[in-house]
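Worksheet for the structure shown next.
The values are calculated or read from the model by the stated rules, or taken from the named source; none is laboratory data. The shown structure was predicted, so the numbers you read here are calculated from the model rather than taken from an experiment. Here the Cβ positions follow ideal geometry from the backbone for every residue, glycine too, while neighbour counts run over all protein chains shown.
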Amino acid sequence: MTYTLTTPLYYVNDKPHLGSAYTTLACDALARFHRLCGEQVTFVTGCDEHGQKIQRTAEAAAVSPQQHCDAISRSYQDLWDRWQISHDAFIRTTDPRHQQIVNQFFARVEASGDVIEGRQQGWYCVACEEFKDDAPEADAPQCPIHQRPLEWRDEVNLFFRLSRYQKEIEALIQRPDFILPISRRREVENFVAQGLRDFSISRRHVPWGLPVPGHDGHTFYVWFDALLGYLTALLPADAPAELEQLAAHGWPAQLHVIGKDILRFHAVYWPAMLMSAGLPLPERVFGHGFLTREGQKMGKSLGNVLDPDVLLERCGRDAVRWYLLRDIPFGDDGDFQQQRFTDLVNNDLANTIGNLLNRTSSMARRWFDDSVPSAAGARDSSHPLAVAAEQARTDVIAGFEAMDFRRAAEATLQLAISANGFLNDQAPWSRMKQDGQRDAVADDLYAVLEATRWIALLLAPLLPDLSARMLDQLGLPPLPPGGPWLPLLSWGQLPPAAPLPEPTPVMARLELETPL
Ligand code: MSP
């Protein structure tokens, strides 16, 4: 089975921020999950490099647009390397192969009779790269998102005949799994119900764009070109840059993960463009929510933007991934709160999971020859921790399948809570002092160590680093990214009598003295 998923292609007007890291981390966890399940995954990310916004940013910095794009897209690639993002393709829309794909796609759309000339009049937001049909009535209206003045545009350019796809789009958005979470479907339904209007796909005075073949003086509207980046990204360097190749390289995508602000482009414009070009449609579009910080919108002017590099340096990958994916229901808006962040990381990861492994392995080493106790009884699948582990596995899989990272994280944590509870009830430290209890203690420690092996495995998609450290601490080999994974999730596979390495804490506590 193949599984193609994409992040948005990030604008290179500025360096990466927490919002882009959020989407990318979530996609990384999903990609890892599907690979572990044995699927052939293509995880696409990249940069959207054309358009007026980028042209102006480069002008303001007194560099050429290409130099500007090279620098910022490099910073994205470096950032994803530092975060160990497991993407398979990184597309830059300034890649020369992309132009070939755009030209072929446009030729198909034109041949379908879907390109017409029209007059575009309206208020435009350069930051959104979008006409604001619902601009407030005023002499100098502002963009409701960016709080910046809108610019009046009046020009003749090329339009895509979106209006012809009204019926098809209405049917598409009613498919149960096309737009997720389901709560976001309503806003798209409302938009479509107003009647789809043709939209302009070329610009006359934006030199920083791909030229439209056969239409001198026109460059493609940045969104027309950007969405096609999802296609170009899939074509390996040694394959011809041809639309006909896509079926062999993972198109259609199973999933586009995006922020809620760009849902309309992905759930309405993009499918219609694909229909016009005779290409299959993505299976699903997931619009996640927006992150705020301590209750406030993040923005340069407020000086409260969370820099993913600072987060990484001060907190580490596991902590940030855990907090963002465990605490914020994926799909809802979320608020980054430093106190809650440190509390969750310290309680869940350092205490509940980390200490569990540490103390159990220390006891096993002390009393059982530096190794996993040999235990007959605890390897039975009717053991209470085996039952808890089975439940956790079911919930983790269901969580990932529903893109409910919180459910997957909580299920894993619940297994650690059960194992801690079991250990406290059995109190091996007291029983070890009693005669005839050694075998029972061996059983109990085995069961808890086995539960920590499950926790390590279940954490692999969400927290690959912590998962690897836990397996290492248990004396087990690293988990290959492509599995096998599910076959390891059967109770009693921890080898009895295997040596246990000297324990070191697998998860450091977060001590943040100053604001991030
Ligand atoms: N270039 C377009 C996407 C083209 S896809 C073919 C774009 N780029 S973007 O860099 O502006 O935004 C990328 C994503 O980041 C969007 O999905 C947006 O929703 C998301 N976020 C921007 N700020 C965010 C938060 N504060 N919180 C969460 N996500 C946010 O749009």
Odd one out for L302, checked against (1) out of contact with any strand residue (DSSP E or B) (no Cβ under 7 Å at 6 or more places or on another chain); (2) farther than 30 Å from A498 by Cα; (3) part of a loop (DSSP other than H, G, I, E, B):
(1)
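Can you pull out every residue in the range 211-256 that is of a type in the set (A, V, I, L, M, F, W, C), away from the ligand (no atom under 14 Å from the Cβ) and closer than 22 Å to T7 by Cα? Let's see the steps before the verdict.
Of the range 211-256, the ones of a type in the set (A, V, I, L, M, F, W, C) are 212, 220, 222-224, 226-228, 231, 233-235, 237, 239, 241, 243, 246-248, 251, 253, 255.
So of that shortlist, the ones also away from the ligand (no atom under 14 Å from the Cβ) come out as 212, 235, 237, 239, 241, 243, 246-248, 251.
Correct list: L235, A237, A241, L243, L246, A247, A248, W251.
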Any residue in the range 261-276 that is out of contact with any Leu (no Cβ under 7 Å at 6 or more places or on another chain), in contact (Cβ under 8 Å) with a residue 24 or more places away in the chain and part of a loop (DSSP other than H, G, I, E, B)?
no
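I want to confirm something. Restricting to the range 1-20 and keeping residues that are within 9 Å of the ligand (Cβ to nearest atom), among the aliphatic types (A, V, I, L, M) and not in a loop (DSSP other than H, G, I, E, B), which single residue is farthest from L311 (Cα to Cα)?
Within the range 1-20, the subset within 9 Å of the ligand (Cβ to nearest atom) is 6-14, 16-20.
Then drop every residue that is not among the aliphatic types (A, V, I, L, M), which leaves 9, 12, 18.
Checking which are not in a loop (DSSP other than H, G, I, E, B) leaves us with 9, 18.
On the way: L9: 22, L18: 9 Å.
So, considering only residues that are within 9 Å of the ligand (Cβ to nearest atom), among the aliphatic types (A, V, I, L, M) and not in a loop (DSSP other than H, G, I, E, B), the one farthest from L311 (Cα to Cα) is L9.
Yes/no matrix, rows are residues, columns are (1) farther than 30 Å from Q437 by Cα; (2) in contact (Cβ under 8 Å) with a residue 60 or more places away in the chain:
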{"position": "K297", "(1), (2)": "yes, no"}
{"position": "G303", "(1), (2)": "yes, no"}
{"position": "D327", "(1), (2)": "yes, yes"}
{"position": "D335", "(1), (2)": "yes, no"}
{"position": "N351", "(1), (2)": "no, no"}
{"position": "S371", "(1), (2)": "no, yes"}
{"position": "S382", "(1), (2)": "no, no"}
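Suppose we filter H87, H98, H68 for residues that are in contact (Cβ under 8 Å) with a residue 12 or more places away in the chain, within 15 Å of the ligand (Cβ to nearest atom) and in contact with a Phe, Trp or Tyr (Cβ under 6 Å, 6 or more places away or on another chain); which single one remains? Reasoning before the result, please.
On the way: H98 fails: in contact with a Phe, Trp or Tyr (Cβ under 6 Å, 6 or more places away or on another chain); H68 fails: in contact with a Phe, Trp or Tyr (Cβ under 6 Å, 6 or more places away or on another chain).
Step by step, each of H87, H98, H68 is checked, and only H87 is in contact (Cβ under 8 Å) with a residue 12 or more places away in the chain, within 15 Å of the ligand (Cβ to nearest atom) and in contact with a Phe, Trp or Tyr (Cβ under 6 Å, 6 or more places away or on another chain).
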The range 278-292 residues that are within 12 Å of D177 (Cβ to Cβ), paired with ones that are more than 7 Å from the ligand (Cβ to nearest atom) and modelled with pLDDT under 95 (beta carbon under 6 Å, 6 or more apart):
R284/D177
Taking the range 289-305 and keeping only residues that are under 30 Å from R185 (Cβ atoms) and within 12 Å of the ligand (Cβ to nearest atom), one is left with G289, F290, L291, T292, R293, Q296, K297, M298, G299
Output the residue which, of all residues in the range 29-60 that are of a type in the set (D, E) and away from the ligand (no atom under 15 Å from the Cβ), is surrounded by the most Cβ atoms within 10 Å (Cβ to Cβ).
E39
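So which helices (runs of 4 or more DSSP H) stay within the range 350-447 end to end and still have 2 or more residues that are surrounded by fewer than 18 Cβ atoms within 10 Å (Cβ to Cβ) and charged (D, E, K, R)? Before the answer, list the steps.
Details: elements: 356-367, 384-401, 405-426, 428-431.
Where helices (runs of 4 or more DSSP H) fall fully within the range 350-447 and carry at least 2 residues being surrounded by fewer than 18 Cβ atoms within 10 Å (Cβ to Cβ) and charged (D, E, K, R), they are 356-367, 384-401, 405-426.
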